[in-house]
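Each value in this text was obtained by applying a stated rule to the coordinates, not by laboratory testing. All values derive from a computational prediction rather than experimental measurement. Here Cβ is always computed from backbone atoms with ideal geometry, including for glycine, and neighbour counts include all displayed protein chains.
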Ligand SMILES: [Zn+2]
Ligand SMILES: [Zn+2]
C-alpha cells in the first residue's frame, strides 16, 4: 500500500490568479465553511478566485450552491463524458436550467474520454459520449456561455465533432494534454488552452512544446484539484493554493516573467468567463 503524501507546502505568493478549473467538493469542500477555508488558503498565496466544475448531477447542484455561498467561487455545470449515460429528458431540462444560473460561467466539463472507455465498466459508451457532447455544445450556444472541454486520448475525434457541430464563441480546452500539432489547430480556431500541473511534470516535453505555441491571450491555468499536483509535489493532494507552482513552471517553459504571466492569464479568465475577481 502506498503511503499518502502530505499536502505540498505553500508556494511563494503570486498574484493575481484565478484557478480556471477545479473540483472543490472533491477537495474536501463539504460546506460553506470548508469552501471558505480552501479559498482563504488560496487567497493567501494570490489565488483570489476559482471556477469549480461539476462531473454529474449531484456535483452540478453542489457547484452552484458553493458559488452562491462564496463570492470567490464560480461554477461550471455539465455531465462529464464518463457520465454521459446520465443524460435523459429530465436531466437535460435540469442542466439547461442550471446553465442559465447567473453564477454558472461555463457549460462543462463535457467532451470525450477514450481513456476510461477502455478501462472502466462504468464509463459511458462512445455513442453516449458523442451524443452528450453534441447536446452540451448546443446548450453552450443557446445560453451564450463558454464550453469547457474535457479530452482524454480523444483530441482528433473531439475537434472533428466540434467542427461538425459548430463551436460556440468561447471554447476552453481544460487540462490541455495534446501535442504541438493539436495545440496549433486549437489556436487557429481561437480556442483557449488551459494548463494544469501536468505541464510541470519532468516527462512533459511534448506538452511544454505545445504550451510555447499558444499566444498569451489564449492561455489559462488551472489545478484540476484534487488531482494532477504540480512538480515537485506530484502525487500529493492538490488544492487551488498550489496554482502558483504551475504558473511559475509554465512561465519558465515559455520564457515569460511569472508576474506578467499571472496578470495575463487572470485577465484572460476574467474576459473568457465574464467574471471579475472580488477586490481584496
Ligand atoms: Zn477533465
Ligand atoms: Zn476536472
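Brief remarks follow.
- Spread over its residues, the convex hull of the C-alpha atoms of the range 60-191 is 111 Å³ per residue.
- Sorting 126, 145, 5 by the number of Cβ atoms found within 10 Å of their own Cβ, with the fewest placed first, yields 5, 126, 145.
- The stretch between residue 58 and residue 142, if pulled fully straight at 0.36 nm per residue, gains 27.9 nm over its current Cα-Cα span.
- The chain, relative contact order in percent, only Cα pairs under 8 angstrom and at least six apart counted: 22 percent
- Ranked list, fewest to most other Cβ atoms within 10 Å of each Cβ, for 228, 277: 277, 228
- Taken along its principal axes, the alpha carbon cloud of the range 135-280 reaches lengths of 40, 38, 28 Å, longest axis first.
- For the pair the range 261-280 / the range 185-233, the C-alpha centres are spaced 17 Å from each other.
- In the range 191-252, the C-alpha radius of gyration followed by the widest Cα-Cα span (Dmax) gives 10.9, 31 angstrom.
- Taking only the C-alpha atoms of the range 4-104, the Rg (one decimal) and the largest Cα-Cα distance, Dmax (whole number), read 14.7, 48 Å.
- Size-normalised alpha-carbon gyration radius of the chain, reference 2.2 N^0.38 Å: 0.92
- Among 223, 253, 77, the order by Cβ neighbours within 10 angstrom, fewest to most, reads 253, 223, 77.
- Largest to smallest principal axis extent of the C-alpha atoms in the range 1-58, angstrom: 32, 32, 21
- Extension gain, residue 260 back to residue 92 (0.36 nm per residue minus Cα-Cα distance, nm): 56.4 nm
- The calculated 222 nm mean residue ellipticity attributable to helices in the chain amounts to -13000 deg cm²/dmol, summing -39500 (n - 2.57) over DSSP H runs of n ≥ 4 and dividing by all residues.
- Projecting label points 7 angstrom from Cα along Cα→Cβ for residue 118 and residue 34 puts them 3.5 nm apart.
- In a fully extended conformation the segment linking residue 12 and residue 202 would gain 66.3 nm over its present Cα-Cα distance, using 0.36 nm per residue.
- With both labels modelled 7 Å from their Cα along Cα-to-Cβ, the residue 185 to residue 153 distance reads 1.8 nm.
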